[in-house]
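Before any comments, here is the structure.
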Amino acid sequence: MAADTLTAQDYISHHLTNLTLGFHPEHGLTFAHNAEEASAMGFWALHVDSLLWSFGLGYLAYRFMRGVAQKATAGVPTGSQNFLEWIVDFVNENVRGSFSAKNDMVAPLALTVFVWVFLMNLMDLIPVDLIPHGFAQLMSLFGADPHHVYMRVVPTTDPNITFGMSLSVFLLVLYYSFKIKGAAGFAAELTMQPFGKLGMPANLVLEGISLLSKPLSLSLRLFGNLYAGEMIFILIALMYGHNLLLDISGMTLQLAWAIFHILIITLQAFIFMVLTIVYLDMAHQHH
Amino acid sequence: MNINLTLLVQMIAFGVFVAFCMKYVWPPIMKALEERTAKIAEGLAAAERGKEEQELGEQRALEVMKEAKGNAADIVSQAQKRYNEILDEAKRDATAEAERIRTAAHAEIEQETNRAREELRERMAQLAVAAAEKILQKEVDANAHKDLVESFAKQI
């Protein structure tokens, strides 16, 4: 890619722009042709690529799990059932370890989070140019300019996706905080500690920050890790096509980073799941 | 890197996937796992019970064997006793029989002796009469001197 007329900067920004569908003030309902147009669309725009990959992977995971669940037997499990039971056991163990209250929603929620986030992260291991370049070539067949066709395949490098999930978790935290502790109990938790009645404003500030930091840190941790990982893959991809030495070092680096990244994507999916469980557990704590 | 509608759509999708997972994936899997756990527990309990029953059976067998041995010993000792009894009885019978035969023999011998003595006496009396006849040179009427002859015979 770096060999043609694109500059390195263009290449990177091309990779970091989503396929955005929205209302442009001048062009109406259309796909954004560049990052500026995408920004100009404001809030009422969709990142079609992020959503498609996110839904597609989620649906794939759901189909697989549903298929196995329908045929699940109490006898000796085989193949896919073994695999799913292994994951379910792993998730269930974590839920039982961190979540002390009784809520039938938490374990399936944790399973969904873990599997879905892991699959979305896994897209990071696909060579960075493979799908975007292929998609651009495909679209050029329909008359589109391949340089302005965007495709980001890793949904978790899109803050919309990570915030979407962390805000959902945050809403659940708020819902259960109100439900379990009651409005007064929740308010007391936010204002009566750690300094007691006299330090009420300070308490509110501290507890408010700690509460709000939950969804923020949850999504930004995942986003940051995956965004940085993708960026490094893109930078490594820039090394190709200059000379043999750079090609070889690029291949070595890409392999090393990919192997290291297997750990990161699994770890980030795991952390997202565990923190979801822990936050929900805190929401269920009665004082 | 714009925050836009994608966020809300993702939130909805998240909710939908969690709901589906909660309704259609988690319960069947957990049910299968729990059923298997119950099955395994049942199997282990059955094995434990079987073991206990086997132990109990072994104990019972030992008891039965012990009892049988006791019975056999009793029977043997009874038989021994009975054998001794029979032996004693037989001995007693034999002794009594011997005694009886001996008494009978004695009686017979006595009788024989008496008869022989009687015969001897008669013969002696006849001899004496014959001798007296010869001595007296005259005929003695046996009937007339019966008393004499008999007293004579008695003196023999």
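The values are calculated or read from the model by the stated rules, or taken from the named source; none is laboratory data. Note that this is a predicted model, so its numbers are computed, not measured. Note that we place each Cβ from the backbone using ideal geometry, even for glycine, and neighbour counts take in every protein chain shown.
Going by the conditions given, is residue A:168 surrounded by 15 or more Cβ atoms within 10 Å (Cβ to Cβ) and more than 14 Å from chain B (Cβ to nearest Cβ)?
Working: surrounded by 15 or more Cβ atoms within 10 Å (Cβ to Cβ): yes; more than 14 Å from chain B (Cβ to nearest Cβ): no.
Judged against the criteria, residue A:168 is not a match.
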| field | Any hit, segment A:84-97, residues being touching a helix residue (DSSP H, G or I) at 6+ places or on another chain (Cβ under 9 Å), under 25 Å from residue A:167 (Cβ atoms), at pLDDT below 85 and more than 9 Å from chain B (Cβ to nearest Cβ) | value | no
| request: Confirm whether residue A:214 is of a type in the set (D, E, K, R) and farther than 25 Å from residue A:269 by Cβ. | output: no
| note | Quick count over segment A:61-79, residues being surrounded by fewer than 19 Cβ atoms within 10 Å (Cβ to Cβ), small (Gly, Ala, Ser) and at pLDDT below 90, is 3
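Being assigned to a helix (DSSP H, G or I), closer than 30 Å to residue A:286 by Cα and in contact with a Phe, Trp or Tyr (Cβ under 7 Å, 6 or more places away or on another chain) is true for just one of A:204, A:222, A:190. Which residue is that?
Only one candidate qualifies: A:222.
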| request: Working only within segment A:1-19, note down all residues that are more than 14 Å from chain B (Cβ to nearest Cβ), modelled with pLDDT of 80 or more and part of a loop (DSSP other than H, G, I, E, B). | output: A:7
| Among all residue pairs at least 6 apart or on different chains, which show Cβ distances below 9 Å where the first residue, located in segment B:1-12, is at the interface with chain A (Cβ under 7 Å from one of its Cβ atoms) and the second is modelled with pLDDT of 90 or more and part of a loop (DSSP other than H, G, I, E, B)? | B:1/A:158; B:6/A:158; B:10/A:158
| Which condition number does residue A:207 fail, the rest of (1) surrounded by fewer than 16 Cβ atoms within 10 Å (Cβ to Cβ); (2) acidic (Asp, Glu); (3) farther than 29 Å from residue A:15 by Cα being met? | (1)
| Could you list, in sequence order, the residues of segment A:28-56 that are closer than 20 Å to residue A:164 by Cβ, surrounded by fewer than 23 Cβ atoms within 10 Å (Cβ to Cβ) and more than 10 Å from every other protein chain (Cβ to nearest Cβ)? | A:52, A:56
| task | Collect the residues in segment A:153-162 that are surrounded by fewer than 24 Cβ atoms within 10 Å (Cβ to Cβ) and facing another protein chain (nearest Cβ under 9 Å), keeping them in residue-number order. | result | A:159
| said: Only one of A:106, A:117, A:88 is under 30 Å from residue A:36 (Cα atoms) and among the hydrophobic types (A, V, I, L, M, F, W, C). Can you tell me which? | reply: A:117
| query | Which ones in segment A:71-90 are closer than 16 Å to residue B:31 by Cβ and assigned to a helix (DSSP H, G or I)? | reply | A:71, A:81, A:84, A:85, A:88, A:89
| request: Please verify whether segment A:94-102 includes one or more residues that are surrounded by 15 or more Cβ atoms within 10 Å (Cβ to Cβ) and touching a Phe, Trp or Tyr at 6+ places or on another chain (Cβ under 8 Å). | output: no
| note | residue A:117 meets each of (1) at pLDDT below 95; (2) within 11 Å of another protein chain (Cβ to nearest Cβ) with one exception, condition (1)
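Conditions (1) under 30 Å from residue A:262 (Cα atoms); (2) touching a residue at least 60 places away in the same chain (Cβ under 8 Å); (3) touching an Asp or Glu at 6+ places or on another chain (Cβ under 7 Å), marked per residue:
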site	(1), (2), (3)
A:119	yes, yes, no
A:123	yes, yes, no
A:141	no, no, no
A:168	yes, no, no
A:186	no, no, no
| query | How many residues does segment B:27-45 hold that are facing another protein chain (nearest Cβ under 7 Å) and within 11 Å of residue A:75 (Cα to Cα)? | reply | 5
| Residues A:216, A:198: which one is at pLDDT below 90 and in a helix (DSSP H, G or I)? | A:198
| message | Restricting to segment B:4-56, count the residues that are within 19 Å of residue A:82 (Cβ to Cβ) and of a type in the set (Val, Ile, Thr). | response | 4
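How many of the residues making up segment A:20-52 are of a type in the set (A, V, I, L, M, F, W, C), assigned to a helix (DSSP H, G or I) and either out of contact with any Leu (no Cβ under 6 Å at 6 or more places or on another chain) or farther than 19 Å from residue B:10 by Cα (or both)? Steps first, please.
Filtering segment A:20-52 for residues of a type in the set (A, V, I, L, M, F, W, C) gives A:21, A:23, A:29, A:31-32, A:35, A:38, A:40-41, A:43-46, A:48, A:51-52.
From what's left, assigned to a helix (DSSP H, G or I): A:35, A:38, A:40, A:48, A:51-52.
Still in the list and also either out of contact with any Leu (no Cβ under 6 Å at 6 or more places or on another chain) or farther than 19 Å from residue B:10 by Cα (or both): A:35, A:38, A:40, A:51-52.
Number satisfying all stated conditions: 5.
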| query | Restricting attention to segment A:90-102, does a residue exist that is hydrophobic (A, V, I, L, M, F, W, C), under 28 Å from residue A:283 (Cβ atoms) and over 25 Å from the mean Cα position of the chain (by Cα)? | reply | yes
| Failed item, numbered, when residue A:79 is tested on (1) away from chain B (no Cβ under 11 Å); (2) under 26 Å from residue A:171 (Cβ atoms) | (2)
